[in-house]
Amino acid sequence: MSLMIRITDVHARQILDSRGNPTVEVEVTAQTETTGKKTVGRESVPSGASTGRFEAVELRDGEKEYGGLGVRTVTDHVNTRIREAILGMNVLDQAAIDRRMTELDGTENKKRFGANAILGVSLACAKTAAAALGIPLCRYIGGAGALQMPVPMMNVINGGAHAKNSLDFQEFMIMPVGAACFSDSLRMGAEIYQCLKRILKDEEMTTSVGDEGGFAPDFDSVKDVFRMLGRAVELAGYRVGEDVVYAMDAAASELYDETLGVYRFPGERQREKETDGSGVMRSTDEMIALYEELAAEFPLVSIEDGLSEDDWDGWQKLTKRLGDRIQLVGDDLFVTNSRRIRCGIRLDVANAVLVKVNQIGTLSEALEAIRLAQNAGYRTVISHRSGETEDSFIADLAVAVNAGQIKTGAPCRAERTAKYNQLLRIEERLGACAQFAGRSAVVKERKELSS
């Protein structure tokens, strides 16, 4: 590599995320050898509420400060061992930097230093490199072919771990696929969101929002949620199923009872006022039947984590029954891990991968997972976490890898709109070169995994 932009300093600090919990922010300073110019890139690390068992480890202090959620230990790791290991390296050599950190950690799931330590440095290096070269972050990561603007998956109604209401499924999303461009898609989503708020207010239902900006009222059934979304879409002047389609995150691992091998729905138990404590329980087959019923009645085009992260047999059944017409997204199932994605491809499980960089811990590994999925014909959805910061890295990442879809919450709360606003800037910069797939972004033909 002829151009040397040498890392001269690495510094981490503890900041707060969107839930008021501590997280890690990292600054990487690098100096261009030929000119002496110094460049600083800053990155912060998100945190999830609904996390998969196979994710890389997010390290916390476990002490009295911040109720055990402090990250002083993590920042110490960055400011000592990790800093010493990468000082003097070329910030342009992303793969070598990420490899050095993971080798220094020496564990399979990054539990020694914490994925939140390693990821903060990894992403900050990419930002520093892009700034030093004077090019947009999405172009630095994705090259000249980074042109596709993503369709937003807007979580406008929250349930599950994201809200304290009777909805057991975690997220209900609108996708404005009928727009001509990203900015129009964002506008449509924001208009529908405001109409939904107006309807909820008129119905005297709560308009307080959950972690990801979506509303969190109680509903009598899942179908009532989709009916309410339909009313909001029509009030905004759009066509259900044509201009706007639906997606959902079942977060089924949160519902799975390993002892009984069933999925528990405590919210339905509360509504039905059952007294025996059993609640509503569904088998894998009953879960699949429920999804088939919902997809037949509503324009539901994408289901995330429809079954538990360990229910591989069930996922095969789900994919066989619905995979030819519904986007089946693996989040807890794949955790942005190439080994699990490869296993899923071979077993013909799911047809899309949710990408959360903090699930795997480095940019290089996330890009490897994306390439593996896309080469096999799986769709990729770039995603935020429920505990976010004002950083907008994933907006650039979505365009860099031509993901076609981004999941970053409702058009509400600054940590969510920061990503949408960055996408508006990217689209403006791309001008006539910007592409927007709309409806075709949700479904893609499958290919066989090459040997």
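Some notes on this structure:
- Paramagnetic label zone (point 7 Å from Cα along Cα-to-C-beta, Arg6; backbone N under 12 Å) in the range 52-92: 87-91
- About its Cα centre, the dipole of the range 216-342 is roughly 340 debye, where the only charges are +1 on Lys and Arg Cβ and -1 on Asp and Glu Cβ.
- Looking at the chain alone, DSSP beta bridges between its own residues are antiparallel in about 60 percent of cases.
- Note: relative contact order over the chain, using C-alpha pairs below 8 Å and six or more positions apart, is 19 percent.
- The range 138-270: relative contact order in percent, alpha carbon pairs under 8 Å with at least 6 residues between: 30 percent
- Directionally averaged projected area (the range 32-103, Cα convex hull): 6.7 nm².
- Residue-normalised convex hull volume from the C-alpha trace of the range 356-435: 98 Å³ per residue.
- With all projection directions averaged, the alpha carbon convex hull of the chain covers 21.8 nm².
- Leu133 accessible area, assembled protein chains, probe 1.4 Å, Å²: 70 Å²
- Of the solvent-accessible surface of the range 375-421, computed with a 1.4 Å probe over protein heavy atoms with every protein chain present, carbon and sulfur atoms account for 42 percent.
- Per-residue ellipticity at 222 nm, computed for the chain from helices alone with -39500 (n - 2.57) per DSSP H run of at least four residues, works out to -11000 deg cm²/dmol.
- Taking every alpha-carbon pair under 8 Å whose residues sit at least 6 apart, the range 324-451 reaches a relative contact order of 24 percent.
- Entries in Lys201/Lys223; Lys38/Lys64; Lys37/Lys111 that, when Cα-Cα distance is taken, lie over 30 Å: Lys38/Lys64; Lys37/Lys111
- Only the Cβ atoms of Lys and Arg (+1) and of Asp and Glu (-1) were treated as charged; on that basis the dipole of the range 1-119 about its Cα centre amounts to roughly 60 debye.
- Computed label-point distance, nm, for sites Lys201 and Asp348 using a 7 Å Cα→Cβ extension: 5.1 nm
- Surface exposure of the chain, expressed per residue as accessible area with a 1.4 Å probe, stands at 39 Å².
- The label point for Trp312 and the one for Lys38, both projected 7 Å from the Cα toward the Cβ, are 5.2 nm apart.
- Residues of type aspartates and glutamates that Lys317 reaches as a straight line, Cα spacing below 16 Å, ignoring anything fewer than 8 places off in the same chain: Asp285, Glu286, Glu292, Glu293, Glu304, Asp305, Glu309, Asp348
The values are calculated or read from the model by the stated rules, or taken from the named source; none is laboratory data. All values derive from a computational prediction rather than experimental measurement. Neighbour counts run over all protein chains shown; Cβ positions are idealised from the backbone, glycine included. Calculation scope for accessible area: heavy atoms of the full protein, side chains included, ligands and nucleic acids excluded. Shrake-Rupley method; radii C 1.70, N 1.55, O 1.52, S 1.80 Å.
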